[in-house]
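The values are calculated or read from the model by the stated rules, or taken from the named source; none is laboratory data. From a predicted model like this one, the values you see are computed outputs, not experimental measurements. Every residue, glycine as well, gets a Cβ built from its backbone with ideal geometry; the counts of neighbours run over all protein chains shown.
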Amino acid sequence: MDLLLEPAALAAIAAGYLLGSIPFGLILTKLAGLGDVRSIGSGNIGATNVLRTGNKKLAAVTLLLDALKGTAAVILGHWIGAQGGVAILASLVAGLAAFLGHLFPVWIGFKGGKGVATYIGVLLGAAWKLALVFCAIWLAIAFTTRYSSLSALAAAVITPLVAWFMDSPALGLLAALMSVLLLWKHAPNIRRLMSGEEPRIGAKN
């Protein structure tokens, strides 16, 4: 715990959070003249809700940028941490901070997205093989069920276990913390899945 109080670690956390807090979905839809993405669909600022505007390219760019801010946070955190001898720790906590920033962005009243793209981006920066695991699980479930939320939930449950079996407790803990938060943010989706009311990928509602 003392290492987390190191100036370099604290600076990495702050930088990661600010990066993660950038609401790309909201910014891009407004720049494109599509209004406030929070006023449609789920009210979310993520790529899935941006897709509900009908602009697939904008949704893809949102997905990419939301992921890359997680990757950038890990890389920046590693660089900051290296100045204080805590590079690995700083990279991981910066990634977690970026994930928290996406979920609870300071710029828009702490009401952010659900974190799937940023989760992948953080893993890409910290351990790219885990990012591939997450994406492979997501794609397999999405292809068979056409439920985006179920795909993310399955990937979030399995990925920390894979990290643990890769003999990487630190990465396993990072993935587990993000997964718990992701599951919590998907609580409405879980309820709709259980009641059969969750819209499938490509649905209008």
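Considering Trp184, Trp164, Trp107, the condition of being at pLDDT 95 or above and out of contact with any Pro (no Cβ under 6 Å at 6 or more places or on another chain) is satisfied by Trp184 alone. For the structure I just gave you, tell me whether Tyr119 is hydroxyl-bearing (Ser, Thr, Tyr) and in contact (Cβ under 8 Å) with a residue 60 or more places away in the chain. When the stated conditions are applied, Tyr119 passes them. Screening region 171-203 for residues that are among the basic types (Lys, Arg) and touching a Lys or Arg at 6+ places or on another chain (Cβ under 8 Å) and picking the one that is surrounded by the most Cβ atoms within 10 Å (Cβ to Cβ) gives Lys185.
Filter region 132-170 down to the residues that are surrounded by 16 or more Cβ atoms within 10 Å (Cβ to Cβ), over 15 Å from the mean Cα position of the chain (by Cα) and more than 22 Å from Ile201 (Cα to Cα) and list them by number. Correct list: Val162, Ala163, Ser168. Name the residue that is farthest from Ala9 (Cα to Cα), counting only residues in region 83-112 that are of a type in the set (Phe, Trp, Tyr) and surrounded by 14 or more Cβ atoms within 10 Å (Cβ to Cβ). It comes out as Phe104. Restricting the search to helices (runs of 4 or more DSSP H) fully inside region 1-91 and requiring at least 2 residues that are under 15 Å from the mean Cα position of the chain (by Cα) and in contact (Cβ under 8 Å) with a residue 60 or more places away in the chain gives 7-20, 47-51.
Lys129 meets the conditions (1) closer than 17 Å to Ala170 by Cβ; (2) crowded, with 21+ Cβ neighbours inside 10 Å in every case but one. The failed one is (2).
For Thr53, indicate whether it is of a type in the set (Val, Ile, Thr), more than 22 Å from Ala187 (Cα to Cα) and touching a Gly at 6+ places or on another chain (Cβ under 7 Å). So Thr53 fails the test. For region 159-166, indicate whether the set of residues that are among the small types (Gly, Ala, Ser), in a helix (DSSP H, G or I), within 18 Å of Thr71 (Cβ to Cβ) and in contact (Cβ under 8 Å) with a residue 24 or more places away in the chain is non-empty. Yes.
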